[in-house]
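Below you'll find the structure, written out as structure tokens, and then a few comments.
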Amino acid sequence: MDLQGAVAVVTGASRGIGKATAIALGREGATVVVAARSAEGATSKLPGTIHETARLIQEAGGRALAIPCNVADEGQVEAMARRVLEELGRVDILINNAGVSYPASFLETPIKRWDLVLNVNLRGTVLCTKAFLPHMVERRSGKIINVSSGAAADLEVAVRAGLLSYSVAKAAIEQLTRALALEVKDKGVAVNCLRIEMSVVTEGWTYLNPHLDYSTWEKPETVAQALVWLCQQPPSFTGHVLTVGEIRERIAAGGP
């Protein structure tokens, strides 16, 4: 389906997969709302801001609106939704991409960090969905795409990597996707999830793990291509949790 003129909200879009996805959607003709905490002037050890992503979209001829937002903060999410609807009039696509991890064993994870991972990944997805879903239901049109991880399905890998809190959050997001798709299937809103099963090199991972060899890791643009494909599917395509590899196979086969 043509994305020309669609309005898409991408959370966690200041860097990594979110940034690549926002830029890819802009190239497809969508007006992109670039949302994240990393605004110009904000303190961050990582490179990238929402304003930088928005500028890249605009320089390529697209339209973008940068809105600072902590997705775990209900007030900020509601303010973002109000601004989007006031300035752009509608939302066609919501990509819940914002996420954090705290690599450590369960016993070594402070509850403060456990809460942070669950709040950003799961609560953030819930808050953003609740902020935009009523508008989509009213219009009987919309697509919600959640981002998950291979850690949600492969518990041995999750435990070995010290990503149990992250795994729990992502598994809940996959269950939320399937259940919400059933709840709104007759309301014109499609809900799907992308499970990223491969290692992707991002600013966050390289900052936290500068010693790793990233030569065989996938680029964020690979994941962005899969997310754009999900955005392009018809409204009847809903309730799916697909890996990047499965989407590649579907693209190669020429169908949904």
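The values are calculated or read from the model by the stated rules, or taken from the named source; none is laboratory data. The shown structure was predicted, so the numbers you read here are calculated from the model rather than taken from an experiment. Here the Cβ is made from the backbone with ideal geometry for all residues, glycine too, and neighbour counts use every protein chain on show. Quick note on the areas: whole protein, heavy atoms, side chains included, nothing else; ligands and nucleic acids left out. Shrake-Rupley method; radii C 1.70, N 1.55, O 1.52, S 1.80 Å.
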**Request:** Starting from the Kirkwood radius over alpha-carbon pairs of region 26-123, derive D by Stokes-Einstein at 20 °C in a medium of 1.002 mPa s and give it in µm² s⁻¹.
**Result:** 142
**Request:** Sort W205, W114, W229 from largest to smallest accessible area, using a 1.4 Å probe on the heavy atoms of the protein chains.
**Result:** W205, W114, W229
**Asked** How do M80, M198 rank by accessible surface area computed with a 1.4 Å probe, from largest to smallest?
**Response** M198, M80
**Phi to ³J(HN,Hα) by Karplus 6.51 cos²θ - 1.76 cosθ + 1.60 over region 50-61, Hz, x for Gly, Pro** = 5, 5, 5, 4, 4, 4, 4, 5, 5, 5, 8, x
**Message:** From Cα pairs below 8 angstrom and at least 6 apart in sequence, can you work out the relative contact order of the chain, rounded to a whole percent?
**Reply:** 19
**Message:** Using a 7 Å offset from the Cα along the Cα-to-Cβ direction at both E246 and A104, what is the distance between the two label points in nm, to one decimal?
**Reply:** 3.3
**Prompt:** What list of ³J(HN,Hα) values in whole Hz, one per residue of region 73-90 in order, does the Karplus curve 6.51 cos²θ - 1.76 cosθ + 1.60 (θ = phi - 60°) give from phi, with Gly and Pro shown as x?
**Reply:** 9, 4, x, 5, 5, 5, 5, 4, 4, 4, 5, 4, 5, 5, 8, 10, x, 6
**Request:** May I ask you to compute the full-extension gain from R27 to D2, defined as 0.36 nm times their residue separation minus their alpha-carbon distance, rounded to one decimal in nm?
**Result:** 7.8 nm
**Message:** Need the full-extension length gain, H211 to R63, defined as separation in residues times 0.36 nm minus the C-alpha distance. One decimal, nm.
**Reply:** 49.5 nm
**Request:** Would you work out the relative contact order for region 108-204, in percent, from Cα pairs under 8 angstrom that are 6 or more residues apart?
**Result:** 36
**Request:** Could you tell me which of A226, S105, L163 has its Cα farthest along the dipole of the chain towards the positive end, charges placed at Cβ (Lys, Arg +1; Asp, Glu -1), taken about the Cα centre?
**Result:** A226
**Prompt:** How high is the relative contact order of region 1-60, in percent, counting Cα pairs under 8 Å that sit 6 or more residues apart?
**Reply:** 36
**Prompt:** ³J(HN,Hα) across region 157-165 via Karplus (A = 6.51, B = -1.76, C = 1.60, θ = phi - 60°), whole Hz, x for Gly/Pro?
**Reply:** 5, 4, 5, 4, 8, x, 10, 5, 4
**Fill in**
Amide H contacts under 5 Å for V33, restricted to residues at least 5 apart in sequence or on another chain and with H modeled in the peptide plane, are A8, V9, V10, L65
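Kindly sort D115, D2 by accessible area of their heavy atoms, largest first, with the probe set to 1.4 Å.
Result of the area sort, largest leading: D2, D115.
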**Item:** the chain, accessible area per residue, ligands and nucleic acids excluded (1.4 Å, Å²)
**Value:** 47
